[in-house]
């Protein structure tokens, strides 16, 4: 981890000068509950401006989808002139476009292919994870941009950790039906309820789609237990703020 301007930068990307990948924290913004999308610009304009200033780019270079726990992955070929609705991951090979996702316990995943200069930002809660949205993003990078999965580098960012993330029967059933090695992803606690390891689930999906283990970094900080640094919907309620994880190819 490297911190600058109250942003987290990932070690796994540090050897590449043509990409920036980051995650914000609670200390990144003064507003108590920052959001970056919404029904009116007043909700997010100031926060996007502040984030752009920290990144030393223009606010218009920040591209956010309107996340709804889908497995939709949108290709971005230019700065969009409209809201990207019902989408939870973005992919591009264009420099100067900062792909961003918001989370408050869900998993942000940032992907970079240094050979073909392709990037992706993914929002994966439990619904997106069982729909394998991270794998769909990798497949789109390969199919539409010529990426080889063995070259893709991935960072799995701060989110709710397996020690905390207790889930109900619906989630357990979906995990067992959909995900590889479900038995290592679901751990029973002393009360007989299951905890889900979203970090490992997304790592396994990446491995299943051809990424190499050495190219995957699990950041490993829990948004619930480290609530002084990150927003947690489970701890603070759904109306709490959001951290941003983003990635951009530099011009």
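Computed from the coordinates by the stated procedures, all read-outs in this text should not be read as laboratory data. Everything quoted here is computed from the prediction, not taken from an experiment. Virtual Cβ from ideal backbone geometry, glycine too; neighbours counted across all protein chains shown.
Computed quantities for the displayed model
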item: Difference of contour (0.36 nm per residue) and Cα-Cα distance, residue 226 to residue 163; result: 21.4 nm
item: Counting all C-alpha pairs of the range 162-213, share separated by more than 15 Å (%); result: 43
item: Rounded to 5, the percent of DSSP beta bridges in the range 2-249 classed as antiparallel; result: 75
item: Virtual spin-label span in nm between residue 127 and residue 176, 7 Å along Cα→Cβ; result: 2.3
item: Relative contact order (%) - criterion: Cα under 8 Å, at least six apart; region: the range 2-249; result: 24
item: The range 130-243: translational diffusion in µm²/s, Stokes-Einstein, Kirkwood Rh over Cα pairs, 20 °C, 1.002 mPa s; result: 140
item: Relative exposure of 222, 251, 106, judged by other C-beta atoms within 10 Å (fewest first); result: 251, 222, 106
item: Burial ordering of 224, 16, fewest other beta-carbon atoms within 10 Å first; result: 16, 224
item: Where a label projected 7 Å from the Cα of residue 251 along Cα→Cβ would reach, residues of the range 95-120 with amide N under 12 Å; result: 95-98
item: Contour excess over end-to-end distance, with Cα ends at residue 69 and residue 115 and 0.36 nm allotted per residue; result: 13.6 nm
item: Cα pair distances of the range 42-105 binned at 10 Å [whole percent]; result: 20, 53, 26, 0
item: Stretchable slack from residue 56 to residue 6, in nm (0.36 nm times residue separation minus alpha-carbon distance); result: 16.6 nm
item: Fewest-first ranking of 141, 116, 56, using other Cβ atoms within 10 Å as the exposure measure; result: 56, 116, 141
item: Taking only Cα atoms of the chain, radius of gyration then Dmax in Å; result: 16.9, 53
